[in-house]
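The values are calculated or read from the model by the stated rules, or taken from the named source; none is laboratory data. Owing to the predicted nature of the structure, the values given are computational and were not obtained by experimental measurement. Ideal geometry is used to build each Cβ from the backbone, glycine not excepted, and the neighbour counts take in all protein chains shown.
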């Protein structure tokens, strides 16, 4: 904030109050810098397009990841834990255990596959049907299948449940074929970090692009800056048009990025639906939510302002009248 | 108004532009600064406008010691000075009116007041009919007068001019000098650097002459009893 100055002349009615003149100038520069950009539409559009592409890439990856994790959430519903009981356990004991497990808050559904049923299933699926006929007695134990409730299906929680079930006296082995779920989650986690890295790098690129564009603007308006300094313009006064130019670059880049994403999603929508139909699923692509859009614009505005701030800070002080 | 106290200015590289310069220009006085090119006239004006800082000595402007002024306060000081350059420093991307209005815009004057004052300034330099023109379409003399209008539009207490008649023919030069005399009549302190000795002699105002960075002759000493004490 500007300090009160001793040598400043007394404010007459012909001058606006300090706050009014400050705000008026901000508004003027906001509009003037937009005018400056629209007077050179080609170069403005090119800069905005570069920014838009750099922003659309991580935002697009983010959407892809979001959609992928929604697919995997659908698949999670099929997580099942198989409890292979000890061979000496009778069917009555198994039923007792099953009814006890049903009462547990972590468990959605429990069903029993008794050893005869299991053998029949195995005969049918495995193709060893004839070989099994020759066995003297049934080698299979009774099996209880447990389906965890939905909020227990995160890999870490499921593993915890499996451990608990394993510690049951009658249980020989509690098995969860969830290696693939774990892998998927790890993969998604990896991809998420990848998006963060790519996003950060591209954000840095946007910062530098805007900084460089503003630097060129400063060079082009060198004479005006020198004259302004000579007739007593404050640094803030000289900075303002460049900062607002950066802000406009950010806004236009953000909006253009949103447009790029919307068009890309439009192109992908039909094939995805066809694919979903083939898988008998009603899956639909989700685009950017309004809050995602708001953060996209906010981030690009911040990058625009940040980039121009960097350029202005570095290059404006180089220009002194001589 | 302006007091130089043993001012020396050495540029990086070792060139001494001014050495041990002392003088006092009283408020409301018009004076010329003369000397060959390289004598230090421009450097002296630049020190007053805080474009350069002295290597040694102290400068007082209206009682304010400029040697201690922080960079962020420079704009405040410059708003009380009107500066006129030999090469106009006009901006060709805007109209004459907008060029002249710049100091008022910077200081946050109201729109109506800006209109009034810019017209008044253009009227004083005889260019009221050119307010909508682009400066590049004007002649050299007209451009110089636009530069003068811009320097006086905010009614500065001090007017500095560096070779304001450098590119002009004698008639135009006399006209410009007469303009400065008129501003001085209304109380503005004026310091004009010029090498046009004939013209200066005609006007009859006192002059300080510089030679190789030192004061060779100072008419102000005989005018101002205060200055003699320095």
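For segment B:49-73, the candidate set comprises residues that are in contact (Cβ under 8 Å) with a residue 12 or more places away in the chain and facing chain A (nearest Cβ under 8 Å); within that set, the residue that is surrounded by the most Cβ atoms within 10 Å (Cβ to Cβ) is B:49.
Pick out, from segment A:50-142, the helices (runs of 4 or more DSSP H) lying fully within it that include 2 or more residues that are more than 29 Å from residue A:185 (Cβ to Cβ) and modelled with pLDDT under 85.
Qualifying helices (runs of 4 or more DSSP H): A:115-126, A:129-133.
Counting the residues of segment A:168-193 that are touching a residue at least 60 places away in the same chain (Cβ under 8 Å) and assigned to a helix (DSSP H, G or I) gives 6.
Quick one: in segment B:206-230, of everything that is part of a loop (DSSP other than H, G, I, E, B), modelled with pLDDT under 90 and touching a strand residue (DSSP E or B) at 6+ places or on another chain (Cβ under 8 Å), which residue is nearest to residue B:15 (Cα to Cα)? Step through it out loud before you land on a result.
Keep residues of segment B:206-230 that are part of a loop (DSSP other than H, G, I, E, B), which gives B:206, B:212-213, B:219, B:224, B:230.
Keeping just the survivors that are modelled with pLDDT under 90 gives B:212-213, B:219, B:224, B:230.
Now restrict to residues that are touching a strand residue (DSSP E or B) at 6+ places or on another chain (Cβ under 8 Å): B:213, B:219, B:224, B:230.
Working: B:213: 10, B:219: 27, B:224: 32, B:230: 26 Å.
Checked segment B:206-230; the qualifying residue nearest to residue B:15 (Cα to Cα) is B:213.
Screening segment B:81-100 for residues that are facing chain A (nearest Cβ under 7 Å) and at pLDDT 90 or above and picking the one that is farthest from residue A:32 (Cα to Cα) gives B:83.
Please find, among A:247, A:260, the residue that is more than 15 Å from residue A:312 (Cα to Cα), modelled with pLDDT of 90 or more and assigned to a helix (DSSP H, G or I). Spell out the reasoning first.
Working: A:247 fails: more than 15 Å from residue A:312 (Cα to Cα).
The match here is A:260.
For beta carbons closer than 9 Å, sequence separation of 6+ or different chains, a first residue in segment A:223-234 that is within 7 Å of another protein chain (Cβ to nearest Cβ) and a second that is part of a helix (DSSP H, G or I) and surrounded by fewer than 18 Cβ atoms within 10 Å (Cβ to Cβ), the qualifying pairs are A:234/B:72.
Sub-6 Å Cβ pairs linking a first residue in segment B:137-152 that is away from every other protein chain (no Cβ under 14 Å) and assigned to a helix (DSSP H, G or I) to a second residue that is modelled with pLDDT of 95 or more and surrounded by fewer than 24 Cβ atoms within 10 Å (Cβ to Cβ), at least 6 apart or interchain, number zero. Taking the listed residues A:213, A:286, the one that is more than 14 Å from chain B (Cβ to nearest Cβ), assigned to a loop (DSSP other than H, G, I, E, B) and in contact (Cβ under 8 Å) with a residue 60 or more places away in the chain is A:286, with no other qualifying.
For segment B:13-25, the count of residues that are under 25 Å from residue B:107 (Cβ atoms) and touching a strand residue (DSSP E or B) at 6+ places or on another chain (Cβ under 9 Å) is nonzero.
Does residue A:295 count as surrounded by fewer than 17 Cβ atoms within 10 Å (Cβ to Cβ) and modelled with pLDDT under 90?
Working: surrounded by fewer than 17 Cβ atoms within 10 Å (Cβ to Cβ): yes; modelled with pLDDT under 90: no.
In short, no.
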